[in-house]
Amino acid sequence: MLPVFTAAEMRALDARAIRELGIPGARLMDHAGTAAAALIARWLAPIRGKRVVVVCGKGNNGGDGFVVARRLKARGAAVHALLVGRRTEVRGDAADALGRWRGRVEEIVEPAALARALDDADLIVDALLGTGVSGAARGAMAAAIEAVNRAGAAGVPVVALDLPSGLDGDRGALLGPTVRAWRTVTFAGLKRSLLLAPAAAQAGPVEIADIGVPLEETCRGITTWRLEAADVRPCFPPRDLDAHKGRFGHLLVVAGSLGKTGAAVLAGRAALRSGAGLCTIAAPASQQPIIASRAPEYMTEALPETAGQCLSLEAKDRIVELAHRMDAVALGPGLSLDPEAQELARVLVRELPRPMVVDADALSALAGHLDLLRRAAGPRALTPHPGEMARMLGTTVEAVQADRIEMTRAFAREHGVAIALKGAHTVIAGADGQVAINPTGNPGMAKGGSGDVLTGIAGALLAREIGPAAALHAGCYVHGLAADVAVRDLGEYGMLASDIIERLPAALRALAEGTG
C-alpha cells in the first residue's frame with residue numbers, strides 16, 4: 001500500500017526528517033525539486049529547447065519551483081521563472097532555493113504581466129501553493145491561478161507540484177480558484193485530496209517523487225493508504241492441481257423480491273465468477289423459479305414470503321439452517337423495504353454466526369439499529385453507497401461526502417465492522433481504524449446493479465475464509481479492475497453491471513500476471 005498523508009502528517013514527516021534524521025530542509029526541497037524535474041523532462045522529452053514557465057509563490061511550494069527551474073535549465077530547457085510577490089518576501093528554505101537559481105526572476109504584481117508571460121510556454125509548472133492552504137486563494141494568488149487555468153484551457157500543459165494550487169490537502173471540496181493540472185508531481189506520498197472527488201479531477205495523473213526520506217520513516221504513524229495490486233494479489237493464489245469446489249467456499253446469498261430478482265442474480269453470478277466454489281441463492285418462493293432460470297451454475301432455495309412477495313420472518317429458521325452448512329452469507333440485494341423483510345434482515349445481521357457482507361436493503365434495515373453490529377454473532381462487512389451511509393447515520397449525503405475518509409474510519413471503529421463507502425475512490429476501513437482507498441474503477445460503474453456485483457465478489461472472498469477488511473480490499477479492487485477492462489471495450493455509457501461480471505476472469509488474469 002502507498003501512504004496517504006494529511007497536511008499535518010506531511011509537516012510532521014518533514015520535521016522528523018530534519019530533527020531525527022538530520023536531513024536539512026533545504027536538502028529535502030532540493031530532492032523534491034530534482035525528482036520533479038526528472039519526471040517533467042521525461043514527460044516532455046526531449047526537454048532541450050522547450051519553453052518552460054515556472055510560476056512560484058513565496059512559500060515552500062515556490063521553493064520547490066525554483067529547484068525545478070534550476071534543474072530544467074541544466075537540462076537545456078528555456079526556463080522563465082516568475083514569482084507572484086517580491087523577492088524580499090521569500091523566507092527560509094525557499095529563499096535558499098531562490099538564491100541558487102541563476103537566472104532572471106520576474107516579480108509579478110500585475111495579473112496582465114503573468115498572462116503575457118504564459119502566452120508562449122510549452123509547459124507551465126504550478127508552484128504557487130502547496131499543502132499549507134487554509135482557505136480560498138484571494139487577490140494576486142487567485143488571479144495567478146486563473147491565468148494559469150486560461151493558459152491550460154488554451155492547450156498549454158500544466159504540471160502542479162505537490163498539489164494543484166488552491167486545493168485543500170485533506171478534503172475533496174474545492175475551496176475557491178484551483179489550478180487544473182495536466183499532471184501532478186506530489187512529494188513523499190499521496191495527499192488525501194488527490195484521491196477525493198471533486199478535488200482529484202484537478203490533478204490529472206499523479207506521480208510520487210522521492211524526497212530522500214527512508215520508506216519506513218515515511219510510513220511511520222500513517223493510517224490511510226492507497227491499495228496496490230500487490231496488496232490484493234495474495235487473495236487469488238494459483239490453485240492446486242487437486243483443487244475441488246469444496247475448497248473454495250460455499251456462499252449463501254439471501255436476496256430478491258418481486259421486481260428485484262436481478263439483484264440476486266448479479267450477486268450470485270459475481271460470486272462464482274470471482275472464485276466461489278458453490279453459491280446458493282435463497283429467495284422468496286414465488287421469485288425462486290425466475291432466479292433459477294437465469295443461470296445454471298448457482299443453486300436456489302425457495303423460502304416463505306409475504307403477500308408482497310418478499311421474504312417473511314418465517315424464512316428465518318430455514319436461512320439459519322442453510323447458513324450453518326455454508327461458509328459465508330451475502331445479505332441484502334433486492335431484499336425490499338417491506339417492514340417484515342427489514343425485520344428479518346436485522347435478525348440475520350444479529351444472529352447468523354457466519355461472516356456476512358451486508359448491502360442494499362439490508363443496510364436500510366440498520367438505520368436506527370446500528371447497535372446490532374456490535375452484538376452480531378459473526379464478522380460483518382458493509383458496502384454502502386453515500387445515500388445508504390447517510391441513512392444509517394441519520395445525516396445527509398453532503399455530510400458523508402464532505403469527509404469520506406474520517407466518516408468511514410469512525411463508523412468502522414465504533415461498530416466493530418469492516419466497511420467500504422462506495423463511490424469514486426471507494427474508502428475501505430477496518431475495525432482497527434486503518435483505511436485503504438481503492439484506485440480502480442470508472443464512471444461507467446454508475447449504473448444499477450454494480451453494487452450487487454461487489455456484494456457477490458466480497459461474499460465469495462469471505463466464503464474462502466478471508467477476513468472482512470481484506471475481503472473488501474480485494475473485492476473493491478477486482479470489481480473496479482473488471483470495470484476498467486469493460487470500459488475499454490464498451491465505453492462509460494454503454495457498460496452494464498453484467499458486463500463487469502463477464503470481465504472478472506480477464507481482471508483476475510491481469511492481476512495474476514502483474515498487468516492489472
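Since every read-out is calculated from the coordinates, none of them should be taken as a lab result. On a predicted model such as this, the values are computed, not experimentally measured, just so you know. Neighbour counts are summed over all protein chains in view; Cβ atoms, including those assigned to glycine, are modelled from backbone coordinates with ideal geometry.
Placing unit charges on the Cβ atoms of the charged side chains and taking the dipole of the chain about its Cα centre, the candidate lying farthest along the positive direction among His385, Leu118, Ala402 is Leu118.
A crude spin-label estimate for the pair Asp371 and Asp240, with each label 7 Å from Cα along the Cβ direction, gives 4.6 nm. Roughly speaking, what is the centre-to-centre gap between segment 173-202 and segment 448-516 when only Cα atoms are used, to the nearest Å? That distance is 26 Å. Could you state the number of Å between the C-alpha centres of segment 298-315 and segment 97-148? Measuring centre to centre over Cα atoms gives 65 Å. Using the average count of surrounding beta-carbon atoms within 10 Å as a protection proxy, the listed peptides 64-74, 1-11 rank, highest first, as 64-74, 1-11.
Note on Arg48 and Arg247: with the Förster distance fixed at 51 Å, the Cβ-Cβ geometry gives a FRET efficiency of about 0.30.
The peptide list 247-255, 273-281, put in order of mean Cβ contacts within 10 Å with the highest first, becomes 247-255, 273-281.
Please give the calculated 222 nm ellipticity per residue for the chain, where each DSSP H segment of at least 4 residues contributes -39500 (n - 2.57) and the sum is spread over every residue; nearest 500 deg cm²/dmol? Don't skip to the end; give the middle numbers.
Numbers: 20 runs with 222 residues, N = 516.
For the chain, the value works out to -13000 deg cm²/dmol.
Taking every Cα-Cα distance in the chain and sorting them into 20 Å bins from zero, the calculated P(r) comes out as 23, 45, 25, 7, 0 percent.
Report for the chain the percent antiparallel among DSSP-assigned beta bridges with both residues inside it, nearest 5.
Details: 10 of 62 bridges.
So the antiparallel bridges in the chain amount to around 15 percent.
Here the mean projected area of the convex hull built on the C-alpha positions of segment 18-220 is 10.5 nm².
Among 295-302, 184-191, how do they line up from the highest to the lowest mean number of other beta-carbon atoms within 10 Å? Intermediate values should be presented prior to the final figure.
Numbers: 295-302: 16.2, 184-191: 25.4.
Ranked from most to least packed, the peptides come out as 184-191, 295-302.
By its C-alpha gyration tensor, with a ≥ b ≥ c as the square roots of the eigenvalues, how is segment 18-106 shaped: rounded for a/c under 1.5, else prolate for a/b larger than b/c, else oblate? Oblate, since a/c reaches 1.5 and b/c is not below a/b.
Using the structure shown, select from Lys260/Lys316; Lys245/Lys447; Lys73/Lys191; Lys260/Lys447; Lys316/Lys447; Lys422/Lys447 the pairs with a Cα to Cα distance greater than 23 angstrom. Write down the numbers at each step before the final one.
On the way: Lys260/Lys316 20 Å; Lys245/Lys447 32 Å; Lys73/Lys191 28 Å; Lys260/Lys447 15 Å; Lys316/Lys447 31 Å; Lys422/Lys447 13 Å.
The pairs that break the limit, which is 23 Å between Cα atoms, are Lys245/Lys447; Lys73/Lys191; Lys316/Lys447.
Output the antiparallel fraction of DSSP beta bridges having both residues in segment 18-220, as a percent to the nearest 5.
5
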